[in-house]
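Just so you know, all these numbers are worked out from the coordinates, no wet-lab data involved. Computed from a predicted structure; not experimentally measured. Ideal geometry is used to build each Cβ from the backbone, glycine not excepted, and the neighbour counts take in all protein chains shown.
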């Protein structure tokens, strides 16, 4: 095992160095190499690295002590920076006072609130839910900041000791602000290392994440420890946000984008090692700055230097040793109780959906306040965009929903499909190429699956994020991939069966037909042997391997299927838009929103893709309400929901991890005449409702009878010694 | 599910309340229609001016406006009567007759009723990346419409503004075109960055069912498809040849008057760095023509590195290093105000000696933020504009009206641009009305009128533009410099004047995507 680890690290390092050398040779900018230039780049790189280290240490602390990887770390930094702006710049507080209030009062409070209200409930949640909720929190906080502090107002934050010069270090000068940043990053890392490994509370923090109950029995207080970890993580996020704010254009997006660099740094420390995370951040800073100084990537790769962090994240995650298998926990969390849809039920459902689509596109559905004539234009256009996203979302069902392979890169696959289609069909719009696009995209999925074959859970999510970001920054901006055009559309209207789908109504029906076929195909696939294999792999890779399922091959196949579906969906996506913009359409945040919405709907259910009409539905409703007049308040609420909704929905998964469509289906099914099993199913679900909190396990007060029973149940004793009625009676 | 609903409701309410509370500081700068009621009064003398400015001699005027006598014309156009030229509907051969009284008004086209003309303003406002982004463009059109309505409207009708938020997405931009097609007579002040499919805009049917498109008096057009749209007439004129296939060589005009002036009056041996914004391919291809045009007039470009909007201040260090090595005396950024603030702040942080360095920036630096945030760090920076600065309200009535209506001491440039879009629309409609009466306004007539508009200068506020050609950069400029924490005019020295020398424009043909060397 050790040998394998060393070999993978060495191979990765050698390959990375070789690639870097080749890139450097071909992109050398010709800047004269002088000691002054070199030292300058080094100082600046270290400063940048120190700033990123601040975020990275916060990530590591929270992950090490709670087991939750906080995708919202950057967003907490954004919130902290904006709150600091509010106090210091807008209300004129002294910088030190404002810093104290934000970092030592507001941030810990925010962290504790997050822990108590949301994160604590994630403790036993499946990893998919953990990831979705924290990503949802990120999206929500950024949207909230943008809503509270309108971006139309220019803002900035001054550097500390802005006018006090700096320290002369050879040929260059280090400002006091940067000196403070650097020292703070190092001191914070040292203090946290000491806290975690040399103090009783630190030991308790690490023990709780390993085995909460056992740690509690030994005197730790899991809830307090968890809150403390989130408070520290939030403090570091806010501190990082404030310190970096003066170096950047002050807006939520810019401040949050840094977090992916912090992910790479944290991954460098295997997500648990603080000193290594700091070293990783410093290395990234040096790499970024020296790349900027010495290399020139030209027009087509003008964002390549920004792609260094995602590439490093990709490489580090692939090279990392993987965590041990947690077979018992995984199985218990993902126990499946839902019944599979029959072929004829699927047929009825798809038929009903198609009927609704025909009615919708024909303008026959009228909710009283909508003008049917308006369906012809914006509403159908938005619906088409939503349908294209629903098709992309469909590709995530087998991958995330069934096989449990978290993928934040659906737009990367979709964009690749659009690119392939552009090369195959040109401007002809020939729809017969679309299946071939699917076939060509499948190997890309398989290629991504190769490193993914040894990754699971969080590492897999990080890898997919790095892949998406790498594609967005390096591949798609290339002129050859999606050439800019001066007139008309890059992607012509699709022609199929002699029909040119150039009117929105027809195109909507075409996409809905494709969606329905896709849904039905997936329903059949789920009931097939392969579908069951994927779900078995999701339940437990170890168990799946034990019963003879080839895990790697199965992973490769599911990735290929997903990439193929996403690629074909990408053709529709691109054709709806007409033109794709490399700078906007492939943004990671857009990909997040698709994943979040479909996860909130119920990612294991093919029909969940239709939930992606969420945004255009509210937008359309908002437009119609505006037309009716005198409902400004409602319009405002709807507009805010469009902005805040995706994040809120994802956060809601903490209470409803299987998604809205699942719950709706479960609520509806008992009334179906042939679903006599549904009532029993719901009863069984209710019986498995969450047990009461064990709390601090009797350390602060004696156990109550309910808690004793809860402990017995958790230890598996109750069912043997106490009949069901006894449990119920005890509870009552 | 019960818990789920509770939390959603709670969070939504919290978010909405927080949004309401946090809006206070923003209201000052980012919202709403102007408070001030318009005060300009229409008098009879304006009709004579209207006759002068809109008669058949327009072409001659255009020629005149480009020559050395421009200054005289500017004076003429900015006299006391000029303010009234926007008052619209009464530009007839017999000015004493009110044309509205004798005509039975009709619904002549989509968006035109007996008493209103509906126009649509589209801008990127709400989005997760930068909420409220171009609210100023919407405010500008609302202010223009309110002022116009208070003065009696246009074509004997009142203006009704439909607002559309394009949300920084291509789909919502297309939706805006569709809404305009269905409900609006024209679009004014369009400020959408991702309007990259204009087919619905250009093929929208009019009331007769002819696919002629919707007149689009935009402010900015960033996408080539929008720039080359045959129904789009941007007040910030695109400088590039149309139609264009999107790749390969393209004829592009660039404004270099400001650099020329510096060469002639400040530093004849001008050499230095030009930072090229590289976040989008479109920013590279739109910036490179100016870099090469600078070289064409004798500016030596020591280096042309790319710069990202995400760059930290520290990342400006290498640019200073390059300047030090080349002993540069010139530093220009094609990016925004933040770019030059960070660049100069980094120079100060590193103790870089910028004595004798000419720092220069474009319209993006003409913001209050540039002065407030930059402080004495940005002292001496040159900024050039193609319109009269906001503090010269005493020199131009249109500018005075704008400043009076918009209700801000230092409004956003896009508010000015969208207001100018309204004035452009007004000028075209007034010409139609003058010729055929208030029932002659149709989309077709407006498109025809706009395509034949040889000169538009927002009543002397903006650099003149010729809409009869598809590519014609505005030739005039004026140069400001930050002095004692304020923008001070340095050229032309006379207030109310723009420099309109034809030599201010350089035309080059290159494959601009391939020009960027980094």
Q.
Can you divide the C-alpha Rg of the stretch A:104-252 by 2.2 N^0.38 Å and report the result to two decimal places?
A. 1.29
Q.
I'd like the distance between the alpha-carbon centres of the stretch A:400-466 and the stretch B:245-259, rounded to an integer number of Å.
A. 38
(Q) Regarding the stretch A:61-145, what's the average projected area of the Cα-atom convex hull, expressed in nm²? (A) 5.6
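If contacts are Cα pairs under 8 angstrom and at least 6 residues apart, what is the relative contact order of the stretch B:309-466 in percent? Spell out each step's value before the answer.
Numbers: 158 pairs, mean separation 26.5, N = 158.
With pairs under 8 Å counted, the relative contact order is 17 percent.
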Q) Over what distance in Å are the Cα centres of the stretch B:151-177 and the stretch B:384-441 separated? A) 17
**Q.** Inter-part distance where the stretch B:284-310 and the stretch A:99-136 are each reduced to a Cα centre, Å
**A.** 46
Q: Give the dimensionless ratio obtained when the Cα radius of gyration of the stretch A:31-295 is divided by 2.2 N^0.38 Å.
A: 1.02
Q | Relative contact order of the stretch A:31-295, pairs being alpha-carbon contacts under 8 Å that are 6 or more residues apart, as % | A | 44
Q. How much of the calculated P(r) for the stretch B:215-357 lies past 24 Å, in percent of all Cα pairs?
A. 39
Q. In square nanometres, what is the average projected area of the Cα convex hull of the stretch B:365-504?
A. 9.7
Q. What does the average come to when, for each residue of peptide A:244-255, you count the partner chain Cβ atoms lying within 10 Å of its Cβ?
A. 5
Q | Rg/Rh (Cα only; Kirkwood hydrodynamic radius) as it applies to the stretch A:27-176 | A | 1.06
Q) Using the reciprocal of the averaged 1/r over all distinct C-alpha pairs, how large is the Kirkwood radius of the stretch A:382-498 in Å? A) 15.6
Q. What Kirkwood hydrodynamic radius, in Å, does the stretch B:161-211 give when the mean of 1/r is taken over all pairs of distinct Cα atoms and then inverted?
A. 11.2
Q) Just the C-alpha atoms of the stretch B:162-257: what Rg/Rh do they give, with Rh taken as the Kirkwood radius? A) 0.99
